[in-house]
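First the structure, in the form of structure tokens, and then the observations on it.
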Amino acid sequence: MDGKGSPQEKLQQILTSHVGLDPLYAQVLSNANHDDAFIKVLSAIIYLKRQLSITDLAKLLDLTSEVVVTRLMEIQSIIRIPADNQGSVQLNHASFRDFLLDKTRSKEYYQPLGEARMTIWSLECMVKYLKQDQWPQDKAEKYACRE
């Protein structure tokens, strides 16, 4: 790249000459344990409409906080894990979500049916924790009811 050309031409040169973060995402995911708990946690952080604390995420997914944190530690180079279980997980870059939702980019790491999974997990959470004539008690229950 020689620095010449219009801003649009420069942008196009950058986009075509750079492979982006996809190789990093693929490398990190290739080293992760892809058990059911990992898939649940990964799907949830990608498909949640609002990020939940680790404690609330664990409750929504019917996992322990320790299991959620352990699975998140496997991909800690591409996400931000809070200092305590009351903080929420954050993606380091929005392109990670885009990567996982595009089968041509993510290949075997593609996360289809996440919205359907979130609906099922929300329904399971409501069935397990909500009682007749009782309002949702915490953020996980409220998320399950609203989203």
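The values are calculated or read from the model by the stated rules, or taken from the named source; none is laboratory data. The structure displayed is predicted, hence computed values, not measured ones. Don't worry about glycine lacking a Cβ; one is built from the backbone with ideal geometry, like all the others, and counts go over all protein chains shown. Keep in mind that these areas ignore ligands, DNA and RNA; they rest on the heavy atoms of the full protein, side chains included. Shrake-Rupley method; radii C 1.70, N 1.55, O 1.52, S 1.80 Å.
In the range 126-140, what residues are within 15 Å of residue 61 (Cβ to Cβ) and either open to solvent by 90 Å² or more (accessible area, probe 1.4 Å) or modelled with pLDDT under 80 (or both)?
Result: 127, 128, 139.
List the number of the failed condition for residue 49; all other conditions in (1) at pLDDT below 90; (2) open to solvent by less than 60 Å² (accessible area, probe 1.4 Å) hold.
Tallying (1) at pLDDT below 90; (2) open to solvent by less than 60 Å² (accessible area, probe 1.4 Å), residue 49 fails exactly one: (2).
Is it true that residue 30 is over 25 Å from residue 116 (Cα atoms) and loosely packed, with under 15 Cβ neighbours inside 10 Å?
Criteria not met by residue 30.
What pairs come up if the first residue lies in the range 121-137 and is under 19 Å from residue 43 (Cα atoms), the second is at pLDDT 85 or above and open to solvent by 50 Å² or more (accessible area, probe 1.4 Å), and their beta carbons are under 8 Å apart, counting only those six or more places apart or on different chains?
Within 8 Å, the pairs are 121/62; 124/62; 125/62.
Scanning the range 41-66 for residues that are in a loop (DSSP other than H, G, I, E, B) and among the hydrophobic types (A, V, I, L, M, F, W, C), which turns out farthest from residue 143 (Cα to Cα)?
This residue is 63.
Out of curiosity, is residue 31 more than 30 Å from residue 144 (Cβ to Cβ) and at pLDDT 90 or above?
yes
Looking at this structure, is residue 15 over 30 Å from residue 142 (Cα atoms), surrounded by 10 or more Cβ atoms within 10 Å (Cβ to Cβ), modelled with pLDDT under 90 and more than 17 Å from the chain's Cα centre (by Cα)?
Here the answer is no, as residue 15 does not meet what is asked.
What pairs come out if I take residues in the range 35-46 that are over 17 Å from residue 101 (Cβ atoms) and open to solvent by 10 Å² or more (accessible area, probe 1.4 Å) and pair them with residues that are assigned to a helix (DSSP H, G or I) and at pLDDT 95 or above whose C-beta lies under 6 Å away, six or more apart or interchain?
That search, which allows pairs on different chains as well, returns 37/67; 37/71.
Within the range 83-116, can you find the residues that are among the polar types (S, T, N, Q), closer than 15 Å to residue 24 by Cα and open to solvent by 70 Å² or more (accessible area, probe 1.4 Å)?
Across the range 83-116, the qualifying residue is only 92.
Say whether the condition of being over 13 Å from residue 46 (Cβ atoms) and charged (D, E, K, R) is met by at least one residue in the range 110-119.
no
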